[in-house]
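**Student:** I am attaching a structure below and will ask some questions about it afterwards.
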Amino acid sequence: MRRLVAEQHPAWATLPVTPAARSGWDNRTFRLGDELLVRLPSAEWYIEAVAKEQRWLPVLAPHLPLPIPAPVAAGMPGQGYPWPWSVYRWLPGASVDAAPPADLTRLAVDLAGFLNALRHAPGPGPAPGQHNWWRGGPVGHYDDQTRHALDALAGEVDVRAATDVWEAAVTSAWDGPDVWLHGDVAPGNLLVRGGVLSAVIDFGTCGWGGPSCDLVIAWTVLDGRSREAFRAAVGADPTMWARARGWALWKALITMDRQHDDPGARAGARRVLEAVLADHAAHA
């Protein structure tokens, strides 16, 4: 990493390089001095996100109420590293999963305001595809994966209830104008300072389409009063909410199906699944 930076950006060659406390799945992340961050894709699957973020984050930033990553330089393959990479401004804060805020309703409303602003940012952006794992397209893209997981988990999950949630999701379609979506509104991508949402990071799965995938946070982090506050503030009608449940259900099921060697991941996925099923039953 140090040689790569020195070769392509010699002005930063003397800055200390340290691994970030949390690196993520798609990228390997390093602090570069006190004010910069370097992100290197961890596999070829993720390299399209580099050019996408370089192109679009400066366009989106002026239209959003919270900071997002600001690219300051691009990097090319070199020193044995095979893919493009980026340098960004460092954004201070702790992730929501590392420092859960006490006031989840405040978090829900603030996040809804951010997502509403994102939807109104100028586009069009990139259509759903491999670059963002088809976020923004129909959740039915993952129909085979979901039904396979349901078969595999029979006896462990309520297959009938889960199938009802899935059918409601795949038979509903976004009929509004295409808009910007973040694509991965996960607790690790939301930063808080002083218990308040302070920044949104990692736009590698952003795109242009239907925004229901951005609502999955309703079951992964929020609950009860905060979930209902989020739904109202983000303006989700019953069909949009049903599609969002479908995105949450898909991810929970495939995690349970595939992560047998990770009890923590499976337990977290089960909690999300149970929250989705309970929410569906409450609004049936």
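**Student:** Could you tally the net charge around residue 165, taking each other residue with its Cβ under 11 Å from the Cβ of residue 165, Lys/Arg +1 and Asp/Glu -1?
**Tutor:** Result for the local shell: -1.
**Student:** Which ordering of 251, 52 is given by a fewest-first count of other beta-carbon atoms within 10 Å?
**Tutor:** 52, 251
**Student:** A follow-up question, please. Could you give the length gained by full extension between residue 28 and residue 121, i.e. 0.36 nm per residue of separation minus their alpha carbon distance, to one decimal place?
**Tutor:** Net length gain for the segment: 30.6 nm.
**Student:** Enumerate by residue number the chymotrypsin sites (Phe, Trp or Tyr not before Pro) in the range 1-58 meeting two conditions: DSSP loop (anything except H, G, I, E, B), and at most 15 other Cβ atoms within 10 Å of the site's Cβ.
**Tutor:** Answer in residue order: 25.
**Student:** Using a simple charge model, +1 on the beta-carbon of Lys and Arg, -1 on the beta-carbon of Asp and Glu, nothing else, what dipole does the chain show about its Cα centre, in debye to the nearest 20?
**Tutor:** 720
**Student:** Which of the three applies to the range 138-194, rounded, prolate or oblate, going by the alpha-carbon gyration tensor with a ≥ b ≥ c and a/c under 1.5 meaning rounded?
**Tutor:** Judged from the Cα gyration tensor, the range 138-194 comes out oblate (a/c at least 1.5, b/c at or above a/b).
**Student:** Could I ask something else about it? Under 1.5 on a/c is rounded, so check that first for the range 1-159, then, if it is not, pick prolate when a/b is larger than b/c and oblate when it is not; a ≥ b ≥ c are the square roots of the alpha carbon gyration tensor eigenvalues.
**Tutor:** prolate
**Student:** Can you tell me how much longer the chain between residue 89 and residue 239 gets when fully stretched, taken as 0.36 nm per residue apart minus their C-alpha distance, in nm with one decimal?
**Tutor:** The span from residue 89 to residue 239 would gain 50.2 nm if fully extended.
**Student:** With a 10 Å cut-off between alpha carbons and a GNM built on the chain, which of 42, 212, 95 moves the most?
**Tutor:** 42
**Student:** Report, in debye and to the nearest 20, how large the dipole of the range 211-284 comes out about its Cα centre when Lys and Arg carry +1 and Asp and Glu carry -1 on their Cβ.
**Tutor:** Here the range 211-284 has a charge dipole of around 20 debye.
**Student:** Kindly put 47, 217, 68 in sequence by how many other C-beta atoms sit within 10 Å of each C-beta, fewest to most.
**Tutor:** Neighbour counts put them in this order, fewest first: 47, 68, 217.
**Student:** Further, regarding this structure: What does the charge count near residue 205 come to, summing +1 for each Lys or Arg and -1 for each Asp or Glu among other residues with Cβ under 12 Å from its Cβ?
**Tutor:** Taking every other residue near residue 205 into account, the sum is -4.
**Student:** Starting from the Cα of residue 11, move 7 Å in the Cα-to-Cβ direction to define the label point; list residues of the range 60-103 whose amide nitrogen is under 15 Å from there.
**Tutor:** 71-75, 87-89
**Student:** Moving to a separate point now. If you average the alpha carbon positions of the range 18-41 and of the range 241-263, how far apart do those two centres end up, in angstrom?
**Tutor:** A separation of 27 Å, based on Cα centres.
**Student:** Mind running the shape call on the chain? Use the C-alpha gyration tensor, a ≥ b ≥ c as the square roots of the eigenvalues: rounded below 1.5 for a/c, prolate if a/b tops b/c, oblate otherwise.
**Tutor:** In terms of gyration-tensor shape, prolate.
The numbers here are math on the coordinates, done by the rules we state, and not lab data. For clarity, every value in this text was computed on a predicted model and none was experimentally measured. Note that we place each Cβ from the backbone using ideal geometry, even for glycine, and neighbour counts take in every protein chain shown.
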